[in-house]
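Reading through the structure tokens given below for one structure.
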């Protein structure tokens, strides 16, 4: 580590409804719009925001924000593996939860992807620098290439460099090159309960900043889980199979296949003292559809690139002009599964303060229409599920920022015996409100099941119809300490290796 200055659920089994909800693509934001699909290094996949404690001091209450980018990163994609783009601005926004207006922005800037290696006369970026062997510390003689980053905090007219030369954790090449990520067999080890239990590379990449904040950047396991492949296979029966038990709810038996299993992402994350946010007057009141008026902050992430990129014959890359936002993400699922094709790319260019222009996609639910039309056989598509006037969905998604209630105690994390992936729908509350999404979002929140349950049960929620996709958890355990996302999968020991299934 480097130091720098609910109520009980009434479960209903309606087989036709389970078929209908399976007909929708439900990745969080891995392929949300046509243009960003062409730019994977800038493609945000998930944003998490929740109240916890400082990684090394449980007495300090922190806002955790964890952001994943670069979907479907193949763990064994050597010799370079994944690197953050050096010509992108990766941003975390802390906003007014009611309006979406940014109050504070944290920008992460990364060093050159072709930065000077220790040894330019080798094909290896990792395992051979000025000497050969396993990497035992970030930046040692065996790690030929090291990416670094800086963080800039902007608030109002002030802009401050709060960290520079910060270390990015290395990729998990495998047991012979990055042994400290893995067990004796070369399999990635995850599920650390505290800082001391984290692998050494992750520890070294967690950096304290002089103002009490903490940051991390590096590869991680893809935190999202869901049976998207089964969805696109014309509703593979595994999605709806409930083993014949009508009390289980729809798609709640865990017989789906996690389409994100075995893939990595790039993660940048921050811990911000809640006391500092309160001192700056950032938390504000907002209306939660399930718990009434609350106080908290909004959270979203964005990625921007320079307006002009010039390539020269001698290999130089010259960036010019202002920063242009090309991707943003707040709540899971909104742009990917609610916003129509005509607006997907426009959404990525805009700010949450203008999200009223996208509210129609939540208020008039196409998902509910499809369920009614295709599987309930209603020619109008308007019954039995309510398709219009869905003010409940507007409340959840507009403006599209995660709303984190900052007045609660730290929420439960996966690994706690009282943690429930459905949050308040599963009885998991903190100080009387949901411990998870749509109160912020924790790693392990089953946002697919929560969202589908809301679509099937709202807007009155007089009866809760539990709906899901039969994938109930991540393929590997999350860490219970910052940066929370699970250890990255090993490049030489992953789901495709014969006899080495994760």
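State, as an integer percentage, the relative contact order of the stretch 373-502 based on alpha-carbon contacts under 8 Å between residues 6 or more apart.
The value is 18 percent.
In nm, give the distance between the simple-model label positions of residue 150 and residue 307, each being 7 Å from the Cα along the Cα-to-Cβ direction.
2.2
Full-extension gain between residue 289 and residue 341, please, as 0.36 nm times their residue separation minus the C-alpha to C-alpha distance.
That pair, residue 289 and residue 341, stretches by 16.0 nm at full extension.
Please give the calculated 222 nm ellipticity per residue for the chain, where each DSSP H segment of at least 4 residues contributes -39500 (n - 2.57) and the sum is spread over every residue; nearest 500 deg cm²/dmol?
-3000 deg cm²/dmol
Taking the highest mean first, how do the peptides 395-402, 278-285 order by number of other beta carbon atoms within 10 angstrom per residue?
395-402, 278-285
Find how much the distance from residue 137 to residue 200 grows on full extension, using 0.36 nm per residue of separation minus their present alpha carbon separation; answer in nm with one decimal.
Gain in length upon complete extension: 21.9 nm.
Modelled label-to-label distance, residue 349 and residue 119, 7 Å Cα→beta-carbon offset: nm?
4.8
For the chain, give the share of DSSP beta bridges that are antiparallel, in percent and rounded to the nearest 5; count only bridges with both residues there.
Just about 95 percent of them are antiparallel.
Where a number appears in this text, it was derived from the coordinates with a stated rule and is not lab data. Quick caveat, the model's predicted, so the values are computed rather than measured. Virtual Cβ from ideal backbone geometry, glycine too; neighbours counted across all protein chains shown.
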